[in-house]
Amino acid sequence: MGFGTDTERTTTTTATDFALVSRILVDTAASVGGSAPSFRSPPRIPGVKRSVTRNRDGSVTVAVAVRDRPLMAVIADMIDGIILTSAASGNDELYDALWAAAQAWLQTVQTGGEASRRHLRVAA
């Protein structure tokens, strides 16, 4: 596998991937009535792959390690963070919607390349 191939980009995570997936998942959560945390990377606690912080103002931050991790592991941690922090009563619906949005983004990246990464938006 050569450096920079589409397959490689979908198996390792970049900061751009993290930012795009964050936006897609937050938008998706909002569209089905869930609340969404803020995301950051890396976690402040050394050696952990993800952490959840409840801030003084009532907001929630989910921190996810990105470096040297498969993209699907990062996405799973982000989705789990939204489910954990969401006040929505229908978490099954939210869970399915989040995974469907992530899958749609991955398919677009795999078939459309870099332009699709920059321009994909989730319909609310």
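Evaluated against (1) modelled with pLDDT of 90 or more; (2) in contact with a Pro (Cβ under 9 Å, 6 or more places away or on another chain); (3) surrounded by fewer than 16 Cβ atoms within 10 Å (Cβ to Cβ), T12 falls short on exactly one condition, (1). Here G47 meets each of (1) surrounded by fewer than 13 Cβ atoms within 10 Å (Cβ to Cβ); (2) in contact with a Ser or Thr (Cβ under 9 Å, 6 or more places away or on another chain); (3) not in a helix (DSSP H, G or I) with one exception, condition (2). When we screen L94, L71 for residues that are more than 16 Å from T14 (Cβ to Cβ) and in contact (Cβ under 8 Å) with a residue 60 or more places away in the chain, the only hit is L94. When G58 is tested against (1) farther than 29 Å from Q110 by Cα; (2) part of a loop (DSSP other than H, G, I, E, B); (3) touching a strand residue (DSSP E or B) at 6+ places or on another chain (Cβ under 8 Å), only condition (3) is not met. Residues in segment 89-124 that are within 18 Å of S22 (Cβ to Cβ) and assigned to a loop (DSSP other than H, G, I, E, B) were compared, and the one that is modelled with the lowest pLDDT is A124.
Let's see how each residue does on (1) in contact (Cβ under 8 Å) with a residue 24 or more places away in the chain; (2) on the phi > 0 side of the Ramachandran plot:
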site: G34; (1), (2): yes, no
site: P43; (1), (2): no, no
site: V48; (1), (2): no, no
site: T53; (1), (2): no, no
site: G58; (1), (2): no, yes
site: A65; (1), (2): yes, no
site: I75; (1), (2): yes, no
site: W99; (1), (2): no, no
site: A104; (1), (2): no, no
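The values are calculated or read from the model by the stated rules, or taken from the named source; none is laboratory data. Everything numeric here is computed off the predicted structure, so don't read it as measured data. Every residue, glycine among them, receives a Cβ derived from its backbone with ideal geometry; neighbour counts consider all protein chains shown.
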